[in-house]
Amino acid sequence: MKTVVEGRDIKKYFIASKSLFGKTEYVRAVDHVDIEIYDNSVLALVGESGSGKTTLGRILAGILKPDEGSVLFKGIDIYRDGLTRDIRHKIQVIFQNPDSSLNPRMRILDILGEAIKEIEPTISKDDLEDRAAQLLENVNLHVDHLYKYPHELSGGEKQRVAIARALAVNPEFIVADEPVSALDISIRAQIINLLNSIQKRLRISMLYIAHDLRTVWNISDYVAVMYLGKIVEYGETEKVFRNVAHPYTATLLTSAPLMPKEFRKHEIYPVGEPPSLIDPPSGCRFHTRCPIAREECKKLDMKLEEIEDGHYTACPFLK
Amino acid sequence: MEVRIEEKKRKERREKALFGQWWRIFKANRVAYVSLYILIGITLISLFADFIAPYSPYEFDIRRAREPPSLEHPFGLDEIGRDLLSRVIHGGRYSIGIAYAAVFLGASIGVILGLISGYYGGIIDDIIQRFTDAMLSLPTILLAIALVTVLGVGVTSLIIAVGLSTVPIYIRLTRGLVLQVRNMDYVLAAKILGKRDTYIIFRHILPNIASPIIVQSTYYLGLTILIASGLGFLGLGVPPPTPEWGAMIGRGREFLISSPHIVAFPGIFILITALCFNLIGDGLRDALDPKMAKYIRRGRI
Amino acid sequence: MKILEVRNLKVYYFLHRGIVKAVDGVSFSVEEGEILGIAGESGSGKSTLAHSILRLIKPPGEIVEGEIIFQGKDLTKLSEDEMREIRGRDISMVFQDPNTYLNPIMKVGLQVAEVYEAHQNAKIETVLDKVVNLFKKVKITDPEKRIYSYPHELSGGMKQRALISMAVALKPKLIILDEPTSALDVTIQLEIVNLLKEMKEELNASMIFISHDLELLSEITDKLMIMYAGKVVEYGSTKEVFNNPKHPYTEALINSIKYIRKDTLPTIEGEPPSLINPPNGCRFHPRCPKKFDICDKTEPSLITIDGRKVSCHLYGEEE
C-alpha cells in the first residue's frame, strides 16, 4: 500500500522548567516515534490526555517542528525542504473545539471565502458565494448559514463549517484532532458519519486523534495506541480490538463499561495514577500502572515487535 | 450538483447591517448614552465655534478685565478682558482636537508595535518590551513634559508629546491581547491554509482585540485632555493667546480668589469632557463584551 | 423511604433575549441508598436541576415554581442561613472541574478541613487526622504527605478524589455529582465510579449522578432519568431503560452508543432546540423518527407504563 505521510523517529520535548543553575526539565511529549499513514485510509491515534497524541498530530500536520526526526508527505521532507503553498493546502487540520477554530468576528461566508481564495485568488464575489454555498451543501448545512456569525451556530454546525473550510483547499491528508469530543452524543454520530462519507468519497487519508474507542472502532482502518509519548501498540483496527496485545490497550478496552464482550479478552484494569511526562518511568513506561508488570519491565526496552501480520506491540507478556 | 444562490436573497443578506446588538446594550446604559450626547454637543459647538461664539476670542478690552458674569457676557471676562464664553467655545477645538489627534497618534504607533511584539515574540519582542519598560518608568505626565521640552511649544508638538506619552501603554495593552488571541485555533487554521503573517495579523488578530483597545482609547481621550490641560496650565501647552482650556486656567490662577470665574468655566468643561469620555468608555466596555451581554436581565433593556 | 422529592420544579433564566426555561416542570424522587442518574445533552437542564436542589442558582436564574422536599422540609422555602447549614452537611456536591473548585494557593488537606471548620466549628489543626483518614478512604496514596500538597501538585484524578473526600466528610444523606468524571481519562473514570459506589455503601447515602455519558451511567446508577430540553422524557430503572427504551429519544441515545464497525452510525437528526422558543407540543418532535399528527400540537404528559414513566404520545394517555 502507498504511504502518504510518514513520520520517522520523531522527537519533541517541551521545556517544563529552567533554572539558572539546575538542569532544564523537559516534557517528553513525543519520544522517538515512527508512524505511517497509508493512502485512502484512516489511522486512529488513541491515547489519554498527556500521551502526546495532539503534539504528534501537529507535527504530522506540518505546524510544529519536531526536535529530531522527519515528516515525509508523499516523499517530501516538509520540515527540511520547507512547505510550499501547494503542499500546505494538501494537509489540513480539524480542531477539537469549533468555538476557537472559527474567528468570531467573521461570517461563515468570509471564513470559507478565505480558504476558497487560496485556491482561486481572482474569484468573483458571486462565484465565491456559490462556491461557499456548495461547500456548505457538502457538509449538509443550509445555505442561509453563510451569512451568520459562528456564535449563531450550534456546536455541531460549527464543526461542519470547520470541516467545510478544510475541504475547500482540496486536501489529501486531514488531521482530525478529537473532532467530536467537544460535542453532544447525538451530534457526535452525525459528524462521524460525515467524516466517514467524505473520506470515502474524496479518498482522503486521515489521522483521527481520539480517546473515545467507540468512534475509533467505527471510523479507523488502523490504530496506533500512544502512552506517555510512545506508541505501544499498532495495527489494523480489527486486529487490535479483537486480538489486543498490549496491557495498556487492554485496560482501555475494559474501562469502557459497554465495550462488547469480544473485545474484553483480558479483564485487566490499570492501577494508580498516570506518571508525569517530565520524569517518565524507566523501561516500559506503563510498568507503574500495569497490572501484569514484572520485575524486568523496569528495564525493558520498549520496542514494537510484530506479533501477527501488520500488528505490532511493545509488550511481550500479554498472552 | 451546482448550487446557485437566489439573486434577491444575496442582495438582502449582503445589506444586512453588521451592527450587532452592542448598540442596544450601550443605549441601555443611560449614563453612557447621555454622556455620548453631551460629548457630541461639546464637539459640535467647538467645531462651529466661529458661528456660535458671540464675540471674538482674541479681542480684548483691558479696562473691563476680570468682569464677573453678566447678561452681556454670560461667563464673564478674563484677565485681560476677553469674552470667556467665546474663549471656552473656541478652546474646545484645541483641547478636544488635541486629545483626538494625540490618541490617534499614540494608538496607531502603540497598536502596531504591540501587534508586532506580541505576534512575533522573540528578540523583537524583547527589544520593544525593554523600550516600553523604560518609558513606563516615568509617569505619563512627566514623559509628556519631557517630550514637550524637547519638541518646543506649539500645537503640533503638544499633540506629538501627549500622543507619544501614551504609546507605551498601548504597546502593553495590545501585546497582552495579542498573546491571548495568537494561540487561538482560528489563527492556526489560517496558517494551515497558507495565509501570510500580515494577513493573519490584520484579518484575524486585530478585529478580535479591537474592542478593548477602543474602550481603552475612550478612557485615554479623557486622560489626554487632562494631560494637555495640565501642560497648558504649566505654560508648556499652546502659546498665548490661543484659547486652550488648560492654558486658560493656568493664566487665570493668579486671580483665583478675586475672580474665580476665569478658572471655573474652563475647569468645568475639562471636567465634563473628561468625565464623558470615561463614562462612554464604561458603556462601551459593557456593550462590546459579548459575555456581559448574555447576563443582562431582560427587565433592564 | 424517600430522601428527596422534587415536585413540578421550574427554573428559568431571565435574559434579555427572552426567558430560558432550563428546567420546566420536573418531578422525581430519590430513595434512601439509591443512585439516580440524570442524563441529557448540554442544554437539557440537567445541571441547572442539580444546582437548584442546593439552591445554587444565581440571577438571572430563578426557581420560579415547585417544591424540593428534603427530609420533610421544603428547601425552596428555607432562608439562606438555613440552606447554608444543609449544604455540605446534609447534601453535598461534587463538581465537574476540580480545578475551578479547589483554591490553587491553599493546601488540599486544609481545604478539606475547612468543611469541618464551617459546620462543626472545629479548629483546623485538630481535624487534620480526620482528613488523613478521609484521604485514605478515597484511596489517595500517601495521605499524610498529600494533605500538604497544593492542587497543582495533584493529578486530575487525585483532585477529584480530594473533592469527593470533601463531599463525604460530614456523612451527608445525599450527594449530588455533577459530571464528576467528564474531565478525566477513561481509565481513571472507572476508578472514580467504583470509589463512589463504595462510598455510597459505606455511608448508606443516596446519590444523584448527572452525566451526558450514558455508558458510565449504565454502570453506576439504579434508576435513570432522561431529560430533553428541560423536561423529563423517560424515568425508570436503569436496567429496564437500557434493555427496553420506550421514548424514541432514549432509544436513539442508546443506539448512538453502540459499537458499529465502518457503517453509518444511527443519529438523531437536527440539533437540540432553543429553550427560549421550544417547539410546540412534544419538544422532541422536530427530531423524532416516530412522530405523528398530534406530536406537534399537544404536549404529552408523563405517564406510567410498565413501572416506568414516559412522556410520549406513542403510549396513549393514562387511564
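Counting Cβ atoms of other protein chains within 10 Å of each Cβ in A:185-197 and taking the mean gives 6.
The calculated 222 nm mean residue ellipticity attributable to helices in chain A amounts to -9000 deg cm²/dmol, summing -39500 (n - 2.57) over DSSP H runs of n ≥ 4 and dividing by all residues. Chains A and B together bury roughly 3100 Å² of accessible area, counting both sides, with a 1.4 Å probe on protein heavy atoms only.
In the protein assembly as shown the Cα-Cα distances spread across 20 Å bins starting at 0 as 12, 35, 35, 15, 4, 0 percent of all pairs. Backbone amide hydrogens, once placed in the peptide plane, bring A:VAL4 within less than 5 Å of A:ILE37, A:TYR38, A:ASP39, excluding anything fewer than 5 places away on its chain.
Neighbouring Cβ atoms from other chains, within 10 Å of the Cβ of residues in B:189-200, number 6 on average. Residue by residue along A:250-260, Cβ atoms of other protein chains within 10 Å of the local Cβ number 5 on average. DSSP beta bridges confined to chain A are antiparallel in about 60 percent of cases. Note on B:GLU72: accessible area approximately 100 square angstrom, rounded to 10, probe 1.4 Å, nucleic acids and ligands left out.
Working from Cα pairs under 8 Å separated by at least six residues, relative contact order for region C:1-141 is 20 percent.
For B:PHE233, the accessible area of its heavy atoms, probed at 1.4 Å with every protein chain present, is near 80 square angstrom. Need one value: the accessible area of A:LYS230 in square angstrom, 1.4 angstrom probe, rounded to the nearest 10. About 50 Å², ignoring ligands and nucleic acids.
Mind jotting down the distance between the C-alpha centroids of region A:180-198 and region A:86-102, whole Å? First find each Cα centre; the distance between them is then 16 Å. Considering only alpha-carbon pairs that sit under 8 angstrom and 6 or more positions apart, the relative contact order computed for chain C is 20 percent.
Considering only chain C, what is the antiparallel percent among its DSSP beta bridges, to the nearest 5?
Numbers: 32 of 51 bridges.
Close to 65 percent.
Value of Rg to Rh for chain B, rounded to two decimals, is 1.08; Kirkwood radius and Rg both from alpha-carbon coordinates.
Which whole DSSP H helices in chain B pass both tests: a Cα extent of 24 Å or more along the axis and a mean Kyte-Doolittle value no lower than 1.0? Working shown, then result.
On the way: long enough: B:30-47 (25 Å, 1.87); B:84-120 (52 Å, 1.22); B:155-182 (38 Å, 1.26); B:206-233 (39 Å, 1.23); B:261-288 (40 Å, 1.44).
Qualifying helices, which must be both long enough and hydrophobic enough, are B:30-47, B:84-120, B:155-182, B:206-233, B:261-288.
Taken over region A:244-319, the percentage of Cα pairs per 5 Å bin, counting from 0 up to the bin with the maximum distance, is 3, 16, 24, 24, 20, 10, 4, 0.
Do you know the relative contact order of chain B, to the nearest whole percent, from alpha carbon pairs under 8 angstrom that are 6+ apart? Could the numbers behind the result be given before it?
On the way: 408 pairs, mean separation 72.6, N = 301.
It rounds to 24 percent for chain B.
Give me the number: length gained by fully extending A:LYS298 to A:THR122, i.e. 0.36 nm times residue separation minus the C-alpha to C-alpha distance, one decimal in nm. All intermediate terms of the calculation are to be shown ahead of the outcome.
Details: separation 176, 0.36 × 176 = 63.36 nm, distance 6.10 nm.
Going from the current span to full extension adds 57.3 nm.
Counted over the protein assembly as shown, the DSSP beta bridges are approximately 65% antiparallel. Using only alpha-carbon positions in chain C, the gyration tensor eigenvalues give semi-axes of 36, 22, 18 Å once each is multiplied by 5 and square-rooted (largest first).
With all protein chains present, how much of the accessible area of chain C (probe radius 1.4 Å) comes from carbon and sulfur, to the nearest whole percent?
Values: 6490 of 13450 Å².
Whole-percent figure for carbon plus sulfur exposure: 48.
Computed from protein heavy atoms with a 1.4 Å probe, the total accessible area buried between C and A is close to 3400 Å².
Using the Cβ-Cβ distance between A:ASP309 and A:SER70 with R0 set to 25 Å, the FRET efficiency works out to roughly 0.40.
The values are calculated or read from the model by the stated rules, or taken from the named source; none is laboratory data. Note that this is a predicted model, so its numbers are computed, not measured. Note that we place each Cβ from the backbone using ideal geometry, even for glycine, and neighbour counts take in every protein chain shown. Each accessible area value is taken on the protein alone, full model and side chains, heavy atoms only, with ligands, DNA and RNA left out. Shrake-Rupley method; radii C 1.70, N 1.55, O 1.52, S 1.80 Å.
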